[in-house]
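Visitor: Right, I'll just put the structure down here and ask away after.
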Amino acid sequence: MMTLLKYDFRRSWNTLLAGLVILIIVQLGLMIFVSSGVTANVLGIMAYIGAGVAVYVKTIKTYTANIRSYNRRLIPVTGLSHVLSPIIFGTICGLGLLLISLFHAYLYITMKLGLDLSAYIGVKISAAEIWSTLFFAGWIVLFMTIIIFFSISVAGTFRWKTGPWIGIVTFIVLINLLSWLENVIFSGKFSPNDLFQFTEESTGISFSANGVIWADGRWGTTVFEMALAALLVWGMVYLNNKKVEA
């Protein structure tokens, strides 16, 4: 596992470093040359979102390249390692980007605006709700990644040009089938739209969570998705070992 992960980082290090430098230059440029604070903030947030999307795309491209790499198949590791390595790679890169954005926001609020962080952002949720919200958001990204990886593995079993289209159809079918099953089994109790509530006040921005404490079937849907994710991972390992050709 660690050998594969080191290989992924070594192969992508120059790209990641170049992206970080570009992100820093963009943020400095916005701070120096954009006079409107609102415009600079919006563009700065968009830059971080763009960087996050780029990291996610890089994770998907890493998995796609790895399952067809002949050299990777020569490494004496299990098929599961080939699935987990790009997921861990994307997780580390995503967490690094998140920490950079949070540090940037902290410096902007406390140093440039001269405001107390607790007064600027009113957090009205408990520690348990914060952790469950983070877990839920992280699980959404992870589960979506697993579905995309499985669709890529299905597409990789077809060598002709219809492979990518079969992968797209697989992804669409899985998403719609999952939505239908969850609504049938759990009566549509799960709704991501109920998670967050942002309100802008004169003292700053208030953030609160609505029912993030895994009630009303949320634990049930998560356990169901975990079981399905385990099945999809098993399917990926089988397809990568038996069907996908380098």
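Visitor: Please go through segment 149-162 and give me each residue that is of a type outside the set (D, E, K, R) and either touching a Gly at 6+ places or on another chain (Cβ under 7 Å) or in contact (Cβ under 8 Å) with a residue 40 or more places away in the chain (or both), ordered by number.
Guide: 149, 150, 151, 152, 153, 154, 155, 156, 157
Visitor: Then there's this: In this structure, is residue 166 part of a helix (DSSP H, G or I), at pLDDT 75 or above and within 22 Å of residue 65 (Cα to Cα)?
Guide: yes
Visitor: Which residue is nearest to residue 235 (Cα to Cα), if the candidates are limited to segment 77-118 and must be touching a Ser or Thr at 6+ places or on another chain (Cβ under 9 Å) and at pLDDT below 80?
Guide: 77
Visitor: What residue, of 22, 32, is over 18 Å from residue 111 (Cα atoms) and in the same structural domain as residue 100 (by the TED database)?
Guide: Residue meeting the stated conditions: 22.
Visitor: In segment 164-175, how many residues are open to solvent by less than 50 Å² (accessible area, probe 1.4 Å) and within 16 Å of residue 61 (Cβ to Cβ)?
Guide: Looking only at that region, the number is 1.
The values are calculated or read from the model by the stated rules, or taken from the named source; none is laboratory data. Keep in mind that what you see is a predicted model, and the values were worked out from it rather than measured. Neighbour counts are summed over all protein chains in view; Cβ atoms, including those assigned to glycine, are modelled from backbone coordinates with ideal geometry. When the accessible area is computed, the model is the full protein with side chains, heavy atoms only, and any ligands, DNA or RNA have been set aside. Shrake-Rupley method; radii C 1.70, N 1.55, O 1.52, S 1.80 Å.
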